[in-house]
1. Please name all residue pairs, on different chains or six or more residues apart, with Cβ atoms under 6 Å, provided the first residue is in the range 123-142 and is over 21 Å from GLY177 (Cα atoms) and the second residue is hydrophobic (A, V, I, L, M, F, W, C) and in a loop (DSSP other than H, G, I, E, B).
2. Look at LEU164 and say whether it is out of contact with any Phe, Trp or Tyr (no Cβ under 8 Å at 6 or more places or on another chain), open to solvent by less than 30 Å² (accessible area, probe 1.4 Å) and farther than 17 Å from ASN98 by Cβ.
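The values are calculated or read from the model by the stated rules, or taken from the named source; none is laboratory data. Quantities reported herein were computed from a predicted structural model and do not represent experimental measurements. We place every Cβ from the backbone using ideal geometry, glycine too, and count neighbours over all the protein chains shown. Only protein heavy atoms, including side chains, enter the accessible area calculation; ligands, DNA and RNA are left aside. Shrake-Rupley method; radii C 1.70, N 1.55, O 1.52, S 1.80 Å.
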Amino acid sequence: MQIILGGTNTQTNALGSPVTAPAGGQPTGTGAGRGRPRLTRRTVRILVVAVLALAPMGGAGHWWSSRGESSPPPPTTSPTPTPTRTDSPRTWSARITNTPNGTFGYPGPFADPRHREPAASFFEGNLLRIVCQERNGRLIKDRTDDIQSTAWYRLDTGIWVSSLYTDLPQEDARSPGIPNCTY
């Protein structure tokens, strides 16, 4: 098929016979009516605009590769991600002790109602990773040993556990080296 934008109106049909179209009319001549219809200038313009618009989106890559030429190489990316610095807080290890039935962890160390709902359960021997301590939290009393404490430890998960149920020293309600929590 031959697309004519201007000039002569001579085309060839599918059999290769010449077909002449009068100005504004249908093709005539040998095989007239069996060939493809002539595209109007408006249709040709729409096709050209569509091809030009789609070419940058990757349609041209297939055309290039089908002609035996290689398409442009894909953008290079690093096979390993660039590490980013994450400042995780230092933690101190402790274990749950002094509670054969386990204890709870809470959303906070204070007496207000938001901090009094249990958020986690801990049992004898569970490992804790402590981030900081609050020395003036809610008072916890142990009924069996008749000991008490207002010191609480915030874990790396954000849960708080009374110091009364850890294996850290209870002297002066302050564990050595663990910083006070800041709010």
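1. Matching pairs, first to second residue: ARG138/PHE110; ARG138/ALA111.
2. Spelling it out, it is not the case that LEU164 is out of contact with any Phe, Trp or Tyr (no Cβ under 8 Å at 6 or more places or on another chain), open to solvent by less than 30 Å² (accessible area, probe 1.4 Å) and farther than 17 Å from ASN98 by Cβ.
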